[in-house]
Amino acid sequence: MTEKVSRTRTPMTAEQKLAKTTYDRARYTRLKAAREAAKPPDPITTLSPEERAYLAGLVDGEGSIFVAAVGPRRHRSVYPIVTVAMTHRGVIEWMAARLDAGTVKNHNHTSRRRHPHLKEQVRTQLFGKRAKLLCEVLLPYLRVKDEQARLVATFPVDARVAPGVKIEHSAINEVRYRLRDEINALNH
């Protein structure tokens, strides 16, 4: 017969907890850097100058650059968002495919219920880190929304230093909310 060996853990000291936290964060950062290096380049970075100018015109004329809360826990933080909406589905589908922006969604479906004579309007959106990257890439070409893009380019989107680290009540969140207020003031 085999005897069961009882293994009880001794509680960690404060010094051990600090060492473990430091190790875990360094490991997280190292693994994240390795994952990022293994990824193919973002399609936004591979845009030609002509595509950048065309997309800047779309964002200036038919788009919106703003900062808002996203997701089920909206009270925690805010993120930059770039949206382009128009009635020409082909252009929006091209933009979504070229930027790897995900799905094309109906934009004015509520208005169309009340006003059936309106044309269908569709949109595509980028959020967070990718919205910031798009603003950085389009900044030299933007004329109308250049100030919003400049503020989004300074937005701290890489706030997480490790899993479980809350940014809800941090200085980074204060910067995010200040930038949100500045950008939204430009939009109104």
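Just a few scattered comments:
- Near pairs, Cβ below 6 angstrom, 6+ apart or cross-chain, from region 89-104 (β-branched (Val, Ile, Thr)) to any residue that is in a helix (DSSP H, G or I): Val104/Ile92; Val104/Glu93; Val104/Ala96
- Arg180 being modelled with pLDDT under 90 and part of a helix (DSSP H, G or I): no
- Considering (1) at pLDDT below 95; (2) over 26 Å from Ile172 (Cα atoms), the lone condition that Leu55 does not fulfil carries the number (1).
- Note on region 96-144: residues that are among the hydroxyl-bearing types (Ser, Thr, Tyr) and either under 17 Å from the mean Cα position of the chain (by Cα) or surrounded by 15 or more Cβ atoms within 10 Å (Cβ to Cβ) (or both) amount to 3.
- Ala19, sole failed condition from (1) among the aliphatic types (A, V, I, L, M); (2) more than 21 Å from Asp158 (Cβ to Cβ); (3) modelled with pLDDT under 90; (4) assigned to a helix (DSSP H, G or I): (3)
- Region 58-84, residues that are at pLDDT below 85 and either surrounded by fewer than 18 Cβ atoms within 10 Å (Cβ to Cβ) or touching a strand residue (DSSP E or B) at 6+ places or on another chain (Cβ under 8 Å) (or both): Ala69, Val70, Gly71, Pro72, Arg73, Arg74, His75, Arg76
- Ser48 fulfils the conditions (1) among the hydroxyl-bearing types (Ser, Thr, Tyr); (2) farther than 30 Å from Ser170 by Cα; (3) touching a Lys or Arg at 6+ places or on another chain (Cβ under 7 Å) except for a single criterion, (3).
- Residue in region 135-147 that is aromatic (Phe, Trp, Tyr) and either farther than 21 Å from Leu58 by Cβ or modelled with pLDDT of 95 or more (or both) present: yes
The values are calculated or read from the model by the stated rules, or taken from the named source; none is laboratory data. The shown structure was predicted, so the numbers you read here are calculated from the model rather than taken from an experiment. For neighbour counting, all protein chains shown are included, and Cβ atoms are generated from backbone atoms with ideal geometry for every residue, glycine included.
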